[in-house]
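Input: a single structure, listed below in structure tokens.
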Amino acid sequence: MSLARRIGAVAICEAVALTSLIFRFATVSGQRIDWQLARNGLAERERMWQGTLLLAMVLLFWMVGNRWDMPLGWLAAVAAGAVFVRYGRHAADGDRIWLQGSRLVVERETAGRLERAEFDRSRVRVEPKTADRSLIRLSAQGRSVDVGRFVRPELRQALASEIRMALRAA
């Protein structure tokens, strides 16, 4: 068998192995495995409702027309603006991890700041940061990244096992 055919056969076997794996947190597309670990929108929706309620209070004070309407209206508007600014800064927070070929790439976004780390797949260690329910530490080549901020603590061990399984199978 020629070298090209063997390489093609290995690529097909790897693709079949990846698609036969069952992931709870990841999606598989071709030779790439993606984990999108993002903020749950429920808490953010609650903050948006609080901001909307504050704006409704501004309108109510304006419609009633008592002498406290302008100071209270401005206070409510400033509070609503603070809610919207905070929501906007953290709306895209999350951890994105993908495994493709021999590289594991981790991107963490916090308040618009993006951190990126790349690791050689064969050298990555996946372990809890301090205890079983703590964040997951991915480390290799003298660097480490903690992921799993937006995963419930009781599910972090399952996520770590899934990442280990993908690193071995890929």
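Hey, among Ser161, Ser139, which residue is hydroxyl-bearing (Ser, Thr, Tyr) and either touching a residue at least 40 places away in the same chain (Cβ under 8 Å) or part of a helix (DSSP H, G or I) (or both)?
Details: Ser139 fails: either touching a residue at least 40 places away in the same chain (Cβ under 8 Å) or part of a helix (DSSP H, G or I) (or both).
It is Ser161.
Looking only at residues that are of a type in the set (Asp, Glu) and surrounded by 12 or more Cβ atoms within 10 Å (Cβ to Cβ) in the range 67-125, which one is nearest to Leu135 (Cα to Cα)?
Looking at the filtered set, the residue picked out is Asp95.
Name the single residue, out of those in the range 130-155 being at pLDDT 90 or above and of a type in the set (Lys, Arg), that is surrounded by the fewest Cβ atoms within 10 Å (Cβ to Cβ).
Among them, the one singled out is Arg143.
The values are calculated or read from the model by the stated rules, or taken from the named source; none is laboratory data. Computed from a prediction, not measured in an experiment: that's the story for all the values here. Cβ: placed from backbone, ideal geometry, glycine included. Neighbour counts: every protein chain shown.
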